[in-house]
Structures are given as structure tokens and as C-alpha cells.
1. Treating the angle as unsigned and between 0 and 90°, give the value, to the nearest 10°, between the Cα long axis of helix 2-15 and the longest Cα principal axis of the chain.
2. Excluding THR205 itself, what net charge comes from residues whose Cβ is under 12 Å from its Cβ, given Lys and Arg +1 and Asp and Glu -1?
3. With the alpha-carbon atoms as the only input, what is the per residue convex hull volume for the stretch 150-241 in Å³?
4. For the chain, what is the per residue volume of the convex hull drawn over the alpha-carbon atoms, in cubic angstrom?
5. What do you get for the angle between helix 149-158 and the principal long axis of the chain? Use alpha-carbon atoms, 0 to 90 degrees, nearest ten.
6. Once the other residues with Cβ under 14 Å from the Cβ of ASP77 are scored (Lys, Arg +1; Asp, Glu -1), what is the net sum?
7. Would you mind computing, in nm to one decimal, how far apart the modelled labels at TRP112 and SER143 are, each placed 7 Å from Cα along Cα→Cβ?
8. Contour minus end-to-end for ALA37 and HIS191, with contour as 0.36 nm per residue of separation and end-to-end as the Cα-Cα distance?
Amino acid sequence: MRKSLHLLAALAALGSGSAIAQKAGDWQVGAGWLHFAPQDSSKPLTLTSPVPSVLFGSGAGVSNSDTLGLNAVYFFDSHWAIEGVFGIPPRFKLNGTGTLAPVGQLGDARQWSPTLIGRYSFNDSDAKLRPFIGLGLSYVWYSSVNLTPGLQGALGSQLRQPPLSTVTTAKLDSSFAPVFNAGVAYQFDPHWGVSFSVSYIPLRTKAKLTTTSFSGFPIATSEASLKLNPIVPFLALTYRF
């Protein structure tokens, strides 16, 4: 009889929420859908040399983008954790607005934005459903910046250069940006779970353009300020160990 009681007690413990309790030293990794939805605006394209001038009415908008997101979470205790978020750099398309709307797509670029977030989880450590909030920092830079032939031609025309006689290259400034995060995690068993979070990143960058002749002789420089401010949902399947 006593052995039966002990067996029942052990089975009850295995079926209870304590079996999935988060504790200090736990790691959790995840992978899933990472979406970037820029809440964008821009200032007019400005020629900075040889003669400063503003192309009034010109503007640009940034497309949404999806990619594979990865994260890793380390728990300091049952509530506090630190999370790193990274993944395959998404590619964004830059489209003309205002007087640049007839040009269509202006260019594209890949965005790198590894992020570190301090997280606080609510509810008891053995709860399957745990909302959380976080605050962090992201370092953002860009690579593979390409400009379309349409923009190349429009800039050459604005500079009164013969068609197909100029080449324009672009560089986007890198920067640090704060990250505001909130979400919820659900644990199926001691190892497997799912999490969904939404981040808001106040983010600005400046596109700096250099126009040269085919021989490499500098003709003009220009720049445009972009406000991206993306909202970033992240849905991930997680594994804890």
C-alpha cells in the first residue's frame, strides 16, 4: 500500500506544472518567422555638392520584409532573463514617393540588426503561459546596397548629364537603436514551447549617394534621411535545456 502511494505521488509530480518550471541557469533557443513592418517616412533628397539644393517633393518608402529569426534566452532566475535575437538579414526594397514615385523601385539593401533584450516574465515559474516584457538595444547596419537603373537615370538627368554617362553608389549609416518588446510564451512540456513577441524599434538612417562619371570623376554627392521605426513580430518554436 505504501509503495502504491509513493508511485501515485511521483506520477502526480510529473503531471504537475512544476515539471516545466523555469529556473536559474536554464537556456532556451528558438527559430521561426521574423517580420519587419517599417512605419517609414523620409526627408527630400538633398544635393550636397557641387551646389547644395533640395529636390522638393521627393521621398522614399521602405517595403515590409520576412526572414528566418533565431533567438537564445538565458534565465538568471525564474523571472529575469536576457535574450539575443538574430537571423538571416532581410532584404528591403526602397520605393520612390512624391516626385520620385514615377521611378518606382529606387534600390534595395540587406539589414543586419542583432539585438540584446533584458526580459521579465510574469506568472509563477511553473505556469505554462507566461507573458513577458523587455527592453534592449540593437545595432543596425546595411550591406549589398543596390540602386536601380531608374534612379541612376533620374539622378543623372537632375545633374544634367548625358544618359548612361554616370554611376551612383549609396551607403546607409549604421546606428544603435533602443528596442521595446512584449510577448507571451507557452510551454508544452519541460523542453518544447512556443513564443510570440512584438518589438518596436525607433530607427533612423541616412542614405549618402555619390555620383561619378564612368571614368571615376566625381560629379555630385547627395543624401536623404529615412525614418524606419519598424514594428517586428516574432513567432518561434522554442526548446529549453
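Where a number appears in this text, it was derived from the coordinates with a stated rule and is not lab data. Keep in mind the model is a prediction, meaning the values are calculated, not measured. Neighbour counts run over all protein chains shown; Cβ positions are idealised from the backbone, glycine included.
1. It is inclined by approximately 10 degrees.
2. Working: positive: LYS43, LYS171, ARG204, LYS206, LYS208, LYS227; negative: ASP40, ASP173, GLU223.
With Lys, Arg at +1 and Asp, Glu at -1, the net is +3.
3. Values: hull volume 13.8 nm³, N = 92.
Cα convex hull per residue, to the nearest whole number: 150 Å³.
4. So the per-residue Cα hull volume is 116 Å³.
5. Value to nearest ten degrees: 40.
6. Combined, the nearby Lys, Arg, Asp and Glu give 0.
7. 0.5 nm
8. The span from ALA37 to HIS191 would gain 52.3 nm if fully extended.
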